[in-house]
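The structure under discussion appears below in the form of structure tokens.
The values are calculated or read from the model by the stated rules, or taken from the named source; none is laboratory data. Because the structure is predicted, anything quoted here is derived from the model rather than measured. When we count neighbours, we look across all protein chains shown, and the Cβ atoms used for this are built from the backbone with ideal geometry, even at glycine. Heavy atoms of the whole protein, side chains included, go into the accessibility calculation; ligands, DNA and RNA do not. Shrake-Rupley method; radii C 1.70, N 1.55, O 1.52, S 1.80 Å.
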Amino acid sequence: FNAIYNQQSDLELIDSSKLALMFSNLDSDKLMLKVGVSTVSPENAKANLMAEATHWDFDKYKNKTQEIWTKALSKIEIEGGSDEEKKIFYTSLYHSMIAPNIISDVDGSYRGTDFNVHHSNVPVYTVFSLWDTFRATHPLFTLIEQKKTSEFLNTFLTQYQNGGQLPIWELCANYTGCMIGYHVVSVILDAYVKNISQDKAKELYPAMLHVSNREKLGIPEFNDNGYISSEDEAESVSKNLEYSYNDWCIAQMSNELNDSINFNKYIRRAQHFKNIFNPKSGFMQPKLNGNFKFGFIPEEVNYNYTEANSWQYSFFVPHDIKGLIKLHNGKDNFENILDQLFETDSKLVGRHQSDITGMIGQYAHGNEPSHHMAYLYNFIGKPYKTQHRVSQILKEQYSTQPDGLSGNEDCGQMSSWYVLSALG
């Protein structure tokens with residue numbers, strides 16, 4: 001392979017992305033392969049390889065890697081529990097640290113979200129699955145990866161400066177257009193109030209305002225009408241709820257920075273979740289022509305929700321749980337509907353959605369919109385019910401088997417939930 005690699009100028013591979021190699025004597029000889037990666041150029045890929053893989057001693061690489069991961073996983077030391085529970089915990093902690101990934105090369109160059117090449121003196125990252133990871137992974141990072149959290153804020157700023165937008169679900173310098181909301185604002189606010197890179201967070205404030213006022217994805221309707229109508233935008237209920245939470249985050253940042261005008265603007269927008277709550281049904285429902293759509297079924301999976309149904313979104317008001325309880329006319333009624341969530345039939349109707357897994361009643365642990373729900377009992381003075389449900393989820397939805405996760409790992413979110421919940 002070295003011979004072929006060194007003679008690559010003689011190979012006609014300029015317009016090809018495929019290379020077929022044949023090896024002999026593999027029964028007696030080991031095949032070793034090094035791969036260099038870069039989003040900038042083949043030359044940078046080779047430079048990365050030469051800098052990061054300087055020898056051919058496989059055991060040396062393995063031992064060094066084990067040292068690095070042992071140090072990383074030792075950030076949390078646990079006591080008690082069975083051997084299987086310890087394996088699940090440290091496997092989860094490992095999974096939580098796999099992404100985001102450094103995208104910049106050893107010389108500091110990287111391809112930005114404008115697809116041009118730039119240079120940075122600090123690491124630049126990619127793979128921001130923020131619809132998933134704002135819930136548990138990034139909060140976990142503020143505890144055990146504060147330096148990286150600071151570096152993530154720097155990456156957010158470079159992505160905004162290069163491509164004109166904060167990331168929503170960014171992958172290898174591509175914005176992707178995947179998932180909803182603008183949950184990067186939650187990560188920025190969380191870092192700021194925990195005294196992590198506050199100056200960088202302040203620099204990101206204009207970008208937070210910008211991402212929340214784009215002329216697409218139902219944002220104008222949300223701002224102007226106080227809700228998103230189902231004829232105007234797909235996944236209208238989910239977007240309405242997530243924008244409300246995101247705008248609450250921006251309001252808190254405005255308050256921290258003494259920007260009263262924007263605080264008043266965004267704190268009002270944060271209350272728009274109330275406009276799609278139907279007091280007759282007790283659910284968040286889609287609207288059409290100003291009225292709730294006819295034929296509502298809370299178990300139905302349809303285009304009004306993001307990878308979910310109304311059961312799995314009607315509790316998404318993390319910024320105003322007291323307000324949500326008030327909509328249900330008090331703690332007793334709220335407790336009853338929470339109980340129903342976990343105890344009702346798990347049958348789904350409507351379109352098939354492969355993401356909805358890990359069912360306990362209509363609670364779906366295999367997908368992110370449900371991840372906070374077991375904790376809502378704490379807000380009505382029933383912590384023992386939270387303890388019961390969290391313990392149930394820890395035991396039933398995780399194992400050491402190949403199918404040990406009830407849903408998509410989603411860049412560490414499923415495992416980060418386990419880590420934080422197992423810690424209590």
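Numbers below:
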| read-out | value |
| --- | --- |
| Most to least packed among 223-234, 313-324 [average Cβ atoms within 10 Å] | 313-324, 223-234 |
| Cα-centre dipole for the stretch 321-424 with unit charges at Cβ (Lys and Arg positive, Asp and Glu negative), debye to 20 | 400 |
| Label selected from (1) -0.34, -1.27; (2) -0.30, -1.37; (3) -0.34, -1.98, the criterion being log10 I(q)/I(0) by the Debye sum over Cα atoms at q = 0.06, 0.14 Å⁻¹ as computed here | (2) |
| Solvent exposure of the chain as accessible area per residue, Å², 1.4 Å probe | 50 |
| Global form of the stretch 210-349, assessed from the alpha-carbon gyration tensor, a/c cut-off 1.5 | oblate |
| Whole-angstrom gap from the stretch 27-67 to the stretch 339-405, using each part's C-alpha centre | 42 |
| Size of charge dipole - the stretch 219-373 - debye, nearest 20, with Cβ of Lys, Arg +1 and Asp, Glu -1, no other charges | 460 |
| Cα-based Rg / Dmax (Å) for the stretch 345-407 | 12.7, 38 |
| Radius 10 Å from Cβ of V301, net charge of other residues (Lys, Arg +1; Asp, Glu -1) | -3 |
| Percent carbon-and-sulfur accessible area, the stretch 45-154, ignoring ligands, DNA and RNA, probe 1.4 Å | 53 |
| Separation between Cα centres of the stretch 73-137 and the stretch 154-213, rounded to whole Å | 16 |
| Karplus 3J(HN,Hα) series, Hz, for the stretch 383-400 with 6.51 cos²θ - 1.76 cosθ + 1.60 (x for Gly, Pro) | x, 5, 6, 4, 4, 5, 6, 4, 4, 4, 5, 4, 7, 8, 9, 9, 7, 8 |
| Those lysines that a straight Cα-Cα span of less than 29 Å connects to K62, excepting residues fewer than 8 apart in one chain | K18, K30, K34, K46, K71, K75, K86, K87, K147, K148 |
